[in-house]
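Below you'll find the structure, written out as structure tokens, and then a few comments.
No lab work stands behind these numbers, since they all come straight from the coordinates. Since the model is a prediction, treat every value here as computed from it, not as a measurement. For neighbour counting, all protein chains shown are included, and Cβ atoms are generated from backbone atoms with ideal geometry for every residue, glycine included.
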Amino acid sequence: MYNLISYIIYVTVILTIILRVGHICHRNGRIYVSRLLPDDLALSDRINDILLVGYYLLNLGYGIYGISSWERVNNTVQMLAMVISHLAAITLILALIHYVNMMVINIIYKSKSKI
């Protein structure tokens, strides 16, 4: 019973986080990607779309893997600990991916402007 409740809480929260953060990064990231290809905005939009799809696939895959690696939950304390630890792990991964992507885009932009 606790496992089912844990899964429902985890899936609801993680889908909300993944979809919301993906939408925000896609909308606001368009500016950064378009800086790399200012002459071809259609291509920069497609690249931004591909980044969003990759983001969704990576995070949904990790979310599914996270559920598959859960141990049996026997009480409320274990349930909260399991859900919170998995949510914290995926949130940290999201932040890391976001900062790495921003750093790479910044490096590409700086190297392009030197040419």
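Numbers for the structure displayed
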quantity	calculated
Extension gain (nm, one decimal) between Leu41 and Thr12, 0.36 nm per residue minus Cα-Cα	7.0 nm
Mean ellipticity per residue at 222 nm, deg cm²/dmol - from DSSP H runs of n ≥ 4 across the chain, formula -39500 (n - 2.57)	-32500 deg cm²/dmol
FRET efficiency, Met1 to Ala81 (Cβ-Cβ, R0 22 Å, nearest 0.05)	0.85
P(r) of the range 2-114 over all Cα-Cα pairs, binned every 5 Å from zero, in whole percent	2, 11, 19, 19, 13, 11, 9, 7, 5, 3, 1, 0
Cα centroid separation, the range 40-115 to the range 1-22 (Å)	15 Å
Selection from Tyr32, Ile5, Val73, by position along the positive dipole direction of the chain (Cβ)	Tyr32
Residue-span extension gain [Arg30 to Ile50] - 0.36 nm each, minus C-alpha spacing	6.0 nm
Neighbour-limited loop hits for trypsin sites (Lys or Arg not before Pro), the range 35-115 (at most 15 other Cβ within 10 Å; DSSP other than H, G, I, E, B)	Arg72
Inter-site label distance for His23 and Ala88 at 7 Å from Cα along Cβ, in nm	2.8 nm
Span-rule helices in the chain, defined as complete DSSP H runs reaching 30 Å or more along the axis (Cα) with Kyte mean at least 1.0	76-114
